[in-house]
Every structure is written in C-alpha cells, then in structure tokens.
Amino acid sequence: MKIKQLFAPTDMTVGKPWKSILTFTLPMLIGNIAQQLYSTVDSIVVGKYIGDNALSAVGSATPILNMLLVLFIGISTGSNIMVSQYFGAKNRSSLSYTIGNSITATAVASLILIAVASPLIRPVLKLLNTPESILNDCAGYLMISLVGIAGMAYYNILSGVLRGLGDSFSALIYLLIATVLNIGLDIFFVAVVGMGVPGVALATVIAQMISSILCCIKLAGMREHFDFGKKYLKPLKEYILTIVRLGLPSGLTQAIFSSAMIIVQSLTNCFGEMFIAANVVVMRVDGFAMMPNFSFGTALTTYAGQNVGAGKKDRVIQGAKQGTLMAVGCSAAITLLILLFGKGLMSVFTDTQELVDLSYRLMMLLSVGYIAMAVTQSLSGIMRGAGDTVTPMWISLITTVFARVPIAYGISYLTRTPELPYGQKECIQISLLCAWVLGAVVTTIAYKRGKWKEKAIKQ
C-alpha cells in the first residue's frame, strides 16, 4: 500500500468485510492507546513526582471532566454517522454541510459550557465528599481543563469526521504527535516548573489543541471529497437538527454513564485517599484494556454507516458477525495478560506496596468483564452506524442507573460492620462487572430484534 493511500478516505462498502474492519481498526486502536497515554502519563507523573494524594486528586476530577465532555460526544457521534452515510451515498453537498455545521456547533457548545460550568466546579466537588486534602488540586485541574475544553472537543469532533470518511490513519498520526508533546509538557510543567496537578491539565490542553489544529488542516485539504469554506459553517436547521437527533442519545448515554460514575465516586471518596488512588490506577489500566472494544465499536459504526448509506444491509450483518468475533478474541487475550502481569502494571504508577496490592485485587474483579464489553461495543457500533442511537442509550440507562448504582450502594450497605462503616470496598468493581455482563445480554437481544435496520438517514 502506498503511503498516500494511508491518509486517504477508505470505501468500506467493497472488499471483504473483516479486512475492511480490521484495516480501519488497527490505526484507530493505536490512536486510542495513544490517547489513553494522556491520562496514564498524567497519573504516572503525578504519582511519581508529587505523591499518592495528588493521584487521588486527578482520579476524583476525572468523572466530572467526563461529564463536561458529554455535549461534544453527542456532536461527534451525530456528525460521524452522517459523514459515513453521506460518504457511502456519495452525497457531496450534504457531506460538506454536515462537516461545517459540526464545527460551528462545537464552537457554540464550548462557549456555553465554559460560562455555565466554571462557577460550579468547587461546589460540586464538595457535594461529592471530596477530601479537603485534595480539593484544591481537583479544582485547579478541572478549571484549566474547562478553559481549554475547545481543544479537546475539536480533536474528538474532527477526528470523528475523518473516521467517518474512512481515514483513521491521519487521526492516528496527529494523536501520536500530541501524545509525545503531552508527555514532554507533563514532565516539564510538573518536574521542572513545579506546577503540580494543574500542570498536568495544562499539558493535556495544549497537546490536544495542537492535534485539533492538525485535523482541521487535513480536512481543509480534502477538497476532492467535499467542500470546506465559510458557506458551510453557517448553521442550517436541517443539519443541526439531524446532528442533535442522532447525537443526543449518545450524549445522553455518556451523561448517564458519567452521572453514575459521579454518584459512585461519591461512595468511592468515602473509602479514603488510598482507595481513591487505587481506583485511579485500576481505571488507567482499564482504559488500555477497553481500547480494542472501543476501537472495534467505532470501526463498526463507520462500516455500518457507509454500507447502510450505500444500501448494502446484508453486508452490514456479515460485518457485524466478523467484527464482533475479532473484538471478543482480542478482549480474551487482554484478559489473560491482565491476569498474568497485572501486579507489574500496577507498580508502574506508585512505589507504595499497599496501593499496588489493593489495585491488583480490584483489577482482578473486572478482568473477565472485558469480553462482555466486546460484544456490547461491537453490536452497539452497528446499531449507531445504521442510525439507531436510541437503543444503545436505553441499554446504558438500564445497566448504569438501574443496575450498577443500586448494586454498588446495596453491597456497601449490606456489608457494613463497625470495622467497615461504609462496607466492602470491592462493591465498586463488583457493580461495574455486573453492569457489563447485563449490557452484553441486553445489547445482543436488541441487535437480533433488528429494528436498527429501519433507521437510515433519508438521502
């Protein structure tokens, strides 16, 4: 394959389905791993250079930061689906307006979010029982992240557009550049300048801003596939409403997930700084373990979108089977690696043996659930790509709100003793594992019912 072809859009409506999916997934998987390095390097630098309490501060801030990003996840999902379907249908005009309106919507959402969320950061942290010892670091981390949220948002939106066009390689290259920059800035701001936890947030904001600029430059040069100019940036009701219709369920799904995380974080904070830090370590390793699932899910969204746009629904079903099998196989291999080498991974983040042992024990509870998540992400990706973003939203609501949160608090309540006033710490991980397994079962049933086949955008 020529180098130029790697940076070109990919037509996933032809060729062997598994090969198209795998070719698209691999660079995106590397990119997702690189993106996970942002938070992982943050945690390593904080844990090694500042201490375990600072590690807890980053962990307590993460669920709130994820909640702040839900608007952009909705825009990204909606535009990705529209781009892939219009690209598959070879509809140049609609493709151009979709990309332009996505850029405008992101700018407006960024300004609104900064204005609304800034004064609420400290009150929310106090409401969540954040320990006083880490409150200031949490607030500083979140404030800097919020001010620079446009960079994070635009990278996610524009890289999603590139993936909708079938170009996962360009987004990978730009992300790798930003990752290297982020690592260097992390060390500079924390170890050299001594900025502490806020320095970690500043490094991430700068790196993601640069990656978003690179994505924008790439899109501006793809004139052979769509038009890119001021005319297409003007908001048009038809495109904005379609982005909202398709993206809102995914945004709500992430909001539901983030809300559940925040509610559970409140329980986590009750167990003290050591347990909070252990959760940070577990979630960083968890982030890498989940990457194949998310990558296959996104690849199948683009695959389904292009083939639905081209009217090839039988090919969508064929790709769903092959893509899900590849995702399950990959997750099974990762689960085995975690079981064998998990403790060594935990020790990368901290020199405190008690923290390593606790993190490893919690990680073991989650490891088998990655196989269940492979099924959920793959089949949800197919449904979203076909235009059915509502069904995955309801499944997320069932598994996180009606399953995970009650299970976590239920186990905590039932296992309380004088020595353990808040119950067993493992309730957090057990509840997450139950939610993952339930999600896989319900998603499989919804996919087999086949209502997603009727949700394609009208061309």
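The values are calculated or read from the model by the stated rules, or taken from the named source; none is laboratory data. None of the values given here were measured: they were computed from a predicted structure. When we count neighbours, we look across all protein chains shown, and the Cβ atoms used for this are built from the backbone with ideal geometry, even at glycine. Surface areas here come from the heavy atoms of the whole protein model, side chains and all, with no ligands, DNA or RNA. Shrake-Rupley method; radii C 1.70, N 1.55, O 1.52, S 1.80 Å.
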Problem set entry | In the range 411-429, the residues that are under 23 Å from Ser359 (Cβ atoms), outside any helix (DSSP H, G or I) and not β-branched (Val, Ile, Thr) | Glu419, Leu420, Pro421, Tyr422, Gly423, Gln424, Lys425, Glu426
Exercise. Just checking, which of Phe226, Phe288, Phe257 is assigned to a loop (DSSP other than H, G, I, E, B) and either within 24 Å of the chain's Cα centre (by Cα) or crowded, with 20+ Cβ neighbours inside 10 Å (or both)?
Worked result: Phe226
Exercise. If you take the residues in the range 76-102 that are open to solvent by 10 Å² or more (accessible area, probe 1.4 Å) and touching a Phe, Trp or Tyr at 6+ places or on another chain (Cβ under 8 Å), which one is nearest to Glu454 (Cα to Cα)?
Worked result: Ser94
For this session: Scan the range 167-217 for residues that are acidic (Asp, Glu) and over 15 Å from Ile44 (Cα atoms) and jot them down.
Result: Asp167
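Assess whether Ala207 counts as being assigned to a helix (DSSP H, G or I) and either open to solvent by 10 Å² or more (accessible area, probe 1.4 Å) or within 25 Å of Phe24 (Cα to Cα) (or both).
Against the criterion (assigned to a helix (DSSP H, G or I) and either open to solvent by 10 Å² or more (accessible area, probe 1.4 Å) or within 25 Å of Phe24 (Cα to Cα) (or both)), Ala207 qualifies.
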For this session: Being in a helix (DSSP H, G or I) and either at pLDDT 90 or above or exposed (fewer than 15 other Cβ atoms within 10 Å of the Cβ) (or both) is the filter here, so list the residues in the range 344-355 that pass it.
Result: Gly344, Gln353, Glu354
Problem set entry | Which numbered condition Ser266 misses (of (1) under 30 Å from Ser20 (Cα atoms); (2) in contact (Cβ under 8 Å) with a residue 60 or more places away in the chain; (3) of a type in the set (Ser, Thr, Tyr)) | (1)
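Residues are listed down the side, and each one gets a yes or a no for (1) farther than 30 Å from Ala333 by Cα; (2) open to solvent by 10 Å² or more (accessible area, probe 1.4 Å); (3) outside any loop (DSSP other than H, G, I, E, B); (4) without any contact (Cβ under 8 Å) to a residue 40 or more places away in the chain:
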| position | (1), (2), (3), (4) |
| --- | --- |
| Ile371 | no, yes, yes, no |
| Gly381 | no, no, yes, no |
| Met393 | no, yes, yes, no |
| Tyr409 | yes, yes, yes, no |
| Ser431 | no, no, yes, no |
| Cys434 | no, yes, yes, yes |
| Leu438 | no, yes, yes, no |
| Thr444 | no, yes, yes, no |
Problem set entry | Hits in the range 291-335 (condition: part of a helix (DSSP H, G or I), open to solvent by 10 Å² or more (accessible area, probe 1.4 Å) and among the aliphatic types (A, V, I, L, M)) | Met291, Val308, Ile317, Leu325, Met326, Val328, Ala332, Ala333, Ile334
Exercise. Mind checking which pairs have a first residue in the range 301-324 that is more than 13 Å from Ser84 (Cα to Cα) and hydrophobic (A, V, I, L, M, F, W, C) and a second that is part of a helix (DSSP H, G or I) and modelled with pLDDT of 90 or more, Cβ under 6 Å, 6 or more apart or different chains?
Worked result: Val316/Ala304; Val316/Asn307; Ala320/Ile382
For this session: Out of Thr25, Thr62, report the one residue that is at pLDDT 75 or above, open to solvent by 20 Å² or more (accessible area, probe 1.4 Å), of a type in the set (Ser, Thr, Tyr) and part of a helix (DSSP H, G or I).
Result: Thr62
Exercise. Just one of Val108, Val70, Val41 is out of contact with any strand residue (DSSP E or B) (no Cβ under 6 Å at 6 or more places or on another chain), without any contact (Cβ under 8 Å) to a residue 12 or more places away in the chain and surrounded by fewer than 23 Cβ atoms within 10 Å (Cβ to Cβ); which is it?
Worked result: Val108
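Quick check on Asn101: is it among the polar types (S, T, N, Q), farther than 16 Å from Tyr155 by Cβ, outside any helix (DSSP H, G or I) and in contact (Cβ under 8 Å) with a residue 24 or more places away in the chain? Steps first, please.
On the way: among the polar types (S, T, N, Q): yes; farther than 16 Å from Tyr155 by Cβ: yes; outside any helix (DSSP H, G or I): no; in contact (Cβ under 8 Å) with a residue 24 or more places away in the chain: yes.
Considered against the rule, which asks whether it is among the polar types (S, T, N, Q), farther than 16 Å from Tyr155 by Cβ, outside any helix (DSSP H, G or I) and in contact (Cβ under 8 Å) with a residue 24 or more places away in the chain, Asn101 comes out as no.
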Exercise. Looking at Arg122, is it of a type in the set (D, E, K, R), closer than 27 Å to Thr23 by Cβ, assigned to a helix (DSSP H, G or I) and open to solvent by 10 Å² or more (accessible area, probe 1.4 Å)?
Worked result: no
